[in-house]
Every structure is written in structure tokens, then in C-alpha cells.
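Undergrad: This is the structure, below, for whatever I ask next.
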Amino acid sequence: MDGALLPRDFFDGPVEEVAPALLGHVISHRTPEGEVAARLTEVEAYAGPLDPASHAYRGRTPRNEVMFGPPGHVYVYFTYGMHFCMNLVCGPDGTSMAVLLRAGEIIEGEDVARARRPRSTVRDLARGPARLCQALGVAREQNGLDVCVPGGPMTVRRGEPADPALIRNGPRTGVNGAKEVPWRFWIEGDRTVSPYRPHVPRQRKKITAEG
DNA sequence: CTCTAGATCCTCT
DNA sequence: GAGGATCTAGAGA
């Protein structure tokens, strides 16, 4: 049924199956400023302790705590000193799988999203994981929210499903471990899918050889 | 479109 | 201390 919330069972499975199944569905977040909703067009799967690219690879820490809990909750993390990214926790309680939400199309609350990202074109409002969080108003305070609560501030509802023939997969963006694992999923031809960028280690300062 | 570089601070080793 | 599941501006094609 279109518009119904995705049940918790939806998230309680292998990430590499849940991730592509999320494409086309709609995440929405309500704040005092208003409600913003995005149709998901790009996601990535992270498999927990066996996955070198996962934040859970080295076990449980204060930061990744939520990933080890029950499915259907949001794992938000802070990165690069200024950005937030959001995941949906998958798999049974006690495991640490998650799907990174990488991009979407704003289908509701565009005015609110534009106010949050005034320099962005409409196409770029949620084109990238940190942009998506900014457009939805997601930050540290949203870490741990349950998206399976009807009437709650953050929900995932059934949208117009992505055409299975248009779903593509390939290597994950910007990760340093397990580069070959093709667990990035997107809707081919959708203009809101982010451009692929390989991982580039950044150097802190200019290396001065002599003075 | 491509490429380059800077911003900025939290987290884990 | 090192580096990161990124974004933006600016320059050039």
C-alpha cells in the first residue's frame, strides 16, 4: 500500500538485500520548521564486523553503539569536521549492519530544504549523504531515532518503487577498505544520484622538504 | 563537464 | 596524532 510505513521486518535482513529494496521509498523528517521528505535514489550497504569499510569493523564503540541495536533505527555520524551522514540499521538486534543513505529527490518540503541549503540547486538539495542530512535537518540529535513509529518525527514510507530493471550496483564511494565490494546501489538515469568519487587520502599539511 | 585545494573536529590508536 | 562512508568554490575546457 502506497504511503504505509515500512515495517520493522523490512530492515531485519541481510543489508545487501535491504539496501536495493529501499530505492524508491521515502524518508521524511518533521521538525518545528516543517516536514521534508526525500525519495531514495542511492544507498550503500555496510556489513558490520566482517566488513573493513564498516564503522563496526573494529567492534562496538560509543560512536557505533546504535548499529548494534535493533533494526529500523537511525545511525548518524559526524565526519570531516563538519558533515553528518545517516544510516538505517539492519539485521537482528546484536548484529551491526547498516545502509548509508547517499542521495534522494526532495518530494515534500522543498521550501524548508532550500532554506537549509540556500546555495544549492534543486537537483543538488539531497545529492550526496551529507547534503541529504542537511536538507532533512538531520544531525547528532537524531542519532538512534526509531523510524518504525507511526506519527514519529522520522519515518520511512512506501513510495513508488524503483523499476528493478533500472537498479544498478557498483563499488562504494570514498571508502578505503574492501574497495571491490559492489554494495553501492542506485537508480540508473536518476539525476539526483551523486557522482562517484574514489577514495583519496588527504594530507594534513604541505610536506616541506627543505626551508 | 573536470580538476584542485581548503575547510574543520571527532574518533580511535 | 592521523585520517575520515564529504562539500564547496574557483579555474579551466
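Undergrad: Out of everything in segment A:61-79 that is under 14 Å from A:F11 (Cβ atoms) and part of a strand (DSSP E or B), what residue ends up being nearest to DNA strand C (Cβ to nearest atom)?
TA: A:Y75
Undergrad: Any idea which of (1) at positive phi; (2) away from DNA strand C (no atom under 16 Å from the Cβ) is the one A:T155 doesn't satisfy?
TA: (1)
Undergrad: Here are the criteria: (1) in contact with a Gly (Cβ under 6 Å, 6 or more places away or on another chain); (2) hydroxyl-bearing (S, T, Y); (3) within 12 Å of DNA strand B (Cβ to nearest atom). Tell me which single one A:Y80 does not satisfy.
TA: (1)
Undergrad: How about segment A:82-201: which strands (runs of 3 or more DSSP E) wholly inside it have at least 1 residues that are over 18 Å from A:P32 (Cα atoms), among the small types (G, A, S) and free of Cβ contacts under 8 Å to residues at least 40 places away in the same chain?
TA: So the answer is A:167-170.
Undergrad: What is the number of the single condition among (1) away from DNA strand C (no atom under 14 Å from the Cβ); (2) touching a residue at least 24 places away in the same chain (Cβ under 8 Å); (3) over 26 Å from A:D190 (Cβ atoms) that A:P32 does not meet?
TA: Every listed condition holds for A:P32 apart from (2).
Undergrad: Still on this structure, please answer the following. Are any residues in segment A:108-128 in contact with a Ser or Thr (Cβ under 9 Å, 6 or more places away or on another chain) and not hydrophobic (A, V, I, L, M, F, W, C), and if so, which ones?
TA: Across segment A:108-128, the qualifying residues are A:E108, A:G109, A:R114, A:R123, A:D124, A:R127, A:G128.
Undergrad: Then there's this: Please enumerate the residues belonging to segment A:80-113 that are surrounded by fewer than 18 Cβ atoms within 10 Å (Cβ to Cβ) and more than 12 Å from DNA strand C (Cβ to nearest atom).
TA: The answer is A:P92, A:D93, A:G94, A:I107, A:E108, A:E110, A:D111.
Undergrad: I've got another one for you. Looking only at residues that are among the hydrophobic types (A, V, I, L, M, F, W, C) and more than 10 Å from DNA strand B (Cβ to nearest atom) in segment A:192-211, which one is modelled with the highest pLDDT?
TA: Going through the qualifying residues, I end up with A:V193.
Undergrad: All but one of (1) on the phi < 0 side of the Ramachandran plot; (2) surrounded by 19 or more Cβ atoms within 10 Å (Cβ to Cβ) hold for A:P52; state the number of the condition that does not hold.
TA: Condition (2) is where A:P52 drops out.
The values are calculated or read from the model by the stated rules, or taken from the named source; none is laboratory data. Not measured: the values here are computed from a predicted model. Backbone-built Cβ (ideal geometry, glycine too); neighbour counts: all protein chains shown.
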